Amino acid sequence: EVCLGRVGAVAAREVSRFARNSREWQKLVEVCRIVDTVLIDQETVYAPRASNDRLLLGLKGSLNEYELDLLRQRSLDARRAKAKRGELIVSAPVGYRKTEPQGLEKDPDRRVQETICLVFDQFERLGSVRQTLLWFQEHGLQLPAATPRGETRWKRPIYGSVYQMLTNPLYGGAYAYGKTERTTRYDNGEVRKCDRRKPRAQWSVLIPHTFEGYVDWGRFERIQQSIHANMQFTSGLPGAAKAGSALLAGLLRCRRCASKLTVHYTGKHHDVARYSCRRGWLDKGEPRCIAFGSSRVDAAVAA
């Protein structure tokens, strides 16, 4: 309505509250200047076409942005201080219930407790997250999952749910905060925000023996070492290689099920690449989809 010139004045108790940052505020002032719309607050009437009023409006916008940043920083400092005391409980994972004041206790449902303990027992017996997943699927067992309302529902297990349960330090009785961070970057001229999981050494808070865990802390640490050994590929440790000669690794999708194709290396020196659709087989225990050699496809794309 302002841009169309249908508004003669915009009034508020404090005009700088119209925008949350200086960029939006300067845009509003510029639009009002072009269409000759005045801004009104409790103190006076501002005419954006007047240079003195534009200067005053700019200062008001900058002061308002500084005030918001100051309030935000204070709230973040209070949040971190509460986390350092182990009292900041944002949400309770499956198997736990929030208590007052700011605590956690095990879910009283015995089926939930026994299932979570069974996940840790089977991992120690089988030594692999994926083998644990396949064991649950082979026996037709379900895993509990927490709903947004805090209720518990049962569903077919997938790799992500098993892995998250085995790596969450809360199940070892420890309080952890700051495991992830949000990063902002420019991608093709647009602002992109993404979350990154930080290494344990960079976590903000880690306090063992805070809550009653499903496994003791020493056992939980041994499980993390086993998972870490399965993931990396270095001399003397088992694991999967993370580099190879495949040209289209991570770029192909299955036409049949739309899953990303994985790369498997064979041959005497593990230098022959083969693309295969195995995400359903890896994550959910479903039958394999398609597979083919990489030489002809890579050569065609390279040409």
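The values are calculated or read from the model by the stated rules, or taken from the named source; none is laboratory data. Bear in mind the structure is a predicted one, so any value in this text is a computation, not a measurement. A quick note on method: Cβ atoms are made from the backbone with ideal geometry, for glycine too, and the neighbour counts reach across all protein chains shown. Protein only, heavy atoms only, side chains kept; ligands, DNA and RNA dropped before computing areas. Shrake-Rupley method; radii C 1.70, N 1.55, O 1.52, S 1.80 Å.
Some points to look at:
- Evaluation of Ser22 against the conditions (1) surrounded by fewer than 13 Cβ atoms within 10 Å (Cβ to Cβ); (2) touching a residue at least 40 places away in the same chain (Cβ under 8 Å) shows that the sole unmet condition is (1).
- Residue count, the range 119-163 (criterion: more than 22 Å from Arg278 (Cβ to Cβ), aromatic (Phe, Trp, Tyr) and open to solvent by 40 Å² or more (accessible area, probe 1.4 Å)): 1
- Just one of the numbered conditions (1) open to solvent by 40 Å² or more (accessible area, probe 1.4 Å); (2) within 30 Å of Leu170 (Cα to Cα); (3) at pLDDT 85 or above; (4) under 25 Å from the mean Cα position of the chain (by Cα) is not true of Arg219: (4).
- Per-region count, the range 255-274, residues in contact with a Gly (Cβ under 8 Å, 6 or more places away or on another chain) and in a strand (DSSP E or B): 6
- Test: residue in the range 33-46 that is in a helix (DSSP H, G or I), in contact with a Leu (Cβ under 9 Å, 6 or more places away or on another chain) and of a type in the set (Val, Ile, Thr): yes
- Any hit, the range 70-79, residues being open to solvent by less than 70 Å² (accessible area, probe 1.4 Å), of a type outside the set (S, T, N, Q) and in contact (Cβ under 8 Å) with a residue 40 or more places away in the chain: no
- The range 242-258: number of residues that are in contact with a strand residue (DSSP E or B) (Cβ under 7 Å, 6 or more places away or on another chain) and at pLDDT below 85: 5
- Summed over the range 248-290, residues that are over 31 Å from the mean Cα position of the chain (by Cα) and open to solvent by less than 80 Å² (accessible area, probe 1.4 Å) total 4.
- First in the range 265-292 and under 21 Å from Gln131 (Cβ atoms), second anywhere and part of a helix (DSSP H, G or I) and open to solvent by 90 Å² or more (accessible area, probe 1.4 Å), Cβ under 9 Å, 6 or more apart: Gly285/Glu138
- Residues being exposed (fewer than 10 other Cβ atoms within 10 Å of the Cβ) and either assigned to a strand (DSSP E or B) or in contact with a Lys or Arg (Cβ under 7 Å, 6 or more places away or on another chain) (or both) - total across the range 184-194: 7
- Pairs where the first residue, in the range 188-200, is at negative phi and the second is part of a loop (DSSP other than H, G, I, E, B), C-beta under 9 Å, 6+ apart: Arg197/Lys179; Lys198/Gly178; Lys198/Lys179; Lys198/Ser204; Arg200/Lys179
- Condition check for Leu206: of a type outside the set (Ser, Thr, Tyr), modelled with pLDDT of 85 or more and open to solvent by less than 100 Å² (accessible area, probe 1.4 Å): yes
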